[in-house]
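S.K.: Sharing a structure, written as structure tokens. Questions coming.
Coordinate-derived values only; no laboratory data. It should be emphasised that the depicted structure is a prediction, and the values quoted were computed from it without experimental measurement. Cβ atoms come from the backbone with ideal geometry, glycine included; neighbour counts cover every protein chain shown.
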Amino acid sequence: GCGKSTLLNVVGGLDHDVSGRVTLDGSPLQDGIGFMFQEPRLMPWLTVIENVLLVAGDDPTAPARARDLLQAMELGDVLDAYPGRLSGGMQRRVALARAFVIEPRVLLMDEPFVSLDAPTADRLRAMLVSLWQRCNTSVLFVTHDLREALALGDRVCFMSGAPGRVMLEWREGLSGPRLPNDAAVLALQRELLDRHPALLAGLLDQSGNAGQGRAQGRNNIEVRTDA
């Protein structure tokens, strides 16, 4: 209950009951935002390709891009299938393709791989990294899994319990995407918890960080509230 999902809603323009600002490279962030939620949120009456194109509007280049993304997700043979025919992991892959089809400037991901078994989650993380490397997209990724954060992130912000504050920002040793069980990730986790034993309890000193949080991707996103 520290407000991680609320933060994503504020960045994405879904929650307007706040004061402050959200900027990308110094300019207000108003469009070019992609989402991937905890659940796939696929429309059961639409086919796979139709679900991906649902967010693309009238962009004439979107159908070809959607097919390319679904091929990359290894879903090329189920373009005309309905979600009910797909496994949970396949539905998440459709949601991932949909998130990238608009070529977002910022992609907001709210625990997108939660509840998946470890091999399926690792496969989806690898697919996410592959798509991210193809696109000029900044990703703001919410997770409860410390190893997942350290494996995927190049900048990790730790939030306190409600009211949510950024308690610690960590960049040391975050050299690039890896699997959560990578030896370097496990060593980094041990180092982090040795240096900040109260980290997961949300008890870190708030001085200097209260009221603002940033997530670094290929662009600079700044979220500043008036708390």
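S.K.: So how long is each side of the stretch 1-72 along the principal axes, counting just the alpha-carbon atoms, biggest first, in Å?
M.R.: Largest to smallest, the principal-axis extents are 39, 29, 21 Å.
S.K.: PRE reach from residue 115 (point 7 Å along Cα→Cβ): which of the stretch 77-102 fall under 17 Å by backbone N?
M.R.: Answer for the stretch 77-102: 83-96.
S.K.: Another question about this same structure. Do you know the relative contact order of the chain, to the nearest whole percent, from alpha carbon pairs under 8 angstrom that are 6+ apart? Walk me through the intermediate numbers first.
M.R.: On the way: 355 pairs, mean separation 55.9, N = 227.
Across the chain, relative contact order equals 25 percent.
S.K.: Which order do the peptides 171-184, 140-153, 95-108 take when ranked by the mean count of other beta-carbon atoms within 10 Å per residue, highest first? It would help to have the intermediate numbers written out before the result.
M.R.: Numbers: 171-184: 13.6, 140-153: 19.8, 95-108: 23.0.
Sorting 171-184, 140-153, 95-108 by mean packing, highest first, produces 95-108, 140-153, 171-184.
S.K.: Which percent of Cα-Cα pairs in the chain sits in each 5 Å bin, short to long?
M.R.: Result, from short to long distances: 1, 6, 14, 18, 19, 17, 12, 8, 4, 2, 0 percent.
S.K.: Let me spell out the model: positive unit charges on the Cβ of Lys and Arg, negative unit charges on the Cβ of Asp and Glu, origin at the Cα centre of the chain. What dipole size does that give, in debye rounded to 20?
M.R.: Details: 23 positive and 28 negative charges, 50 e Å.
Magnitude of the dipole: close to 240 debye.
S.K.: To check you understand DSSP bridge types, tell me what percent of the beta bridges within the chain (both residues inside) are antiparallel, rounded to 5. Write out the running numbers ahead of the final one.
M.R.: Numbers: 16 of 25 bridges.
For the chain, the DSSP antiparallel bridge percentage is about 65.
S.K.: Right, something else. Mind listing the long-range amide H neighbours of residue 15? Cut-off is under 5 Å, sequence gap 5 or more, other chains count too, H placed in the peptide plane at 1.01 Å from N.
M.R.: Hits under the 5 Å cutoff: 10.
S.K.: While we're on this one: Report, in deg cm²/dmol and to the nearest 500, the calculated mean residue ellipticity at 222 nm for the chain, where each DSSP H run with n ≥ 4 adds -39500 (n - 2.57) and the sum is divided by the residue count.
M.R.: Working: 7 runs with 75 residues, N = 227.
The helix-only estimate for the chain comes to -10000 deg cm²/dmol at 222 nm.
S.K.: Starting from the 7 Å offset along Cα-to-Cβ, what nm value, one decimal, do you get for the label separation of residue 169 and residue 37?
M.R.: 3.0
S.K.: Residues with amide H under 5 Å of residue 107's amide H, sequence separation 5 or more or different chain, H placed in the peptide plane at 1.01 Å from N; which?
M.R.: So residue 107 has HN proximity to 34, 138, 139, 140.
S.K.: At 7 Å along Cα-to-Cβ for each site, give me the label-to-label distance between residue 68 and residue 183 in nm.
M.R.: 3.8
S.K.: Next question, about the same structure. I'd like the Karplus ³J(HN,Hα) series for the stretch 20-33: coefficients 6.51, -1.76, 1.60, θ = phi - 60°, whole numbers in Hz, and an x wherever there's a Gly or Pro.
M.R.: Karplus values, whole Hz, x for Gly and Pro: x, 8, 10, 10, 10, 6, x, 10, x, 8, 10, 8, x, 10.
S.K.: In whole Hz, with x marking every Gly and Pro, tabulate ³J(HN,Hα) for the stretch 180-188 from phi via Karplus 6.51 cos²θ - 1.76 cosθ + 1.60, θ = phi - 60°.
M.R.: Along the stretch 180-188, the couplings run x, 8, 4, 4, 5, 5, 5, 5, 5 Hz.
S.K.: Follow-up question, since we're still on this one. For the peptides 42-48, 76-82, what is the packing order when you average, over each peptide's residues, the other Cβ atoms within 10 Å and list the highest mean first?
M.R.: 42-48, 76-82
S.K.: Moving on to the next point. Mean-square fluctuation check for the chain, GNM, Cα pairs under 10 Å: which of 115, 160, 138 is largest?
M.R.: 115
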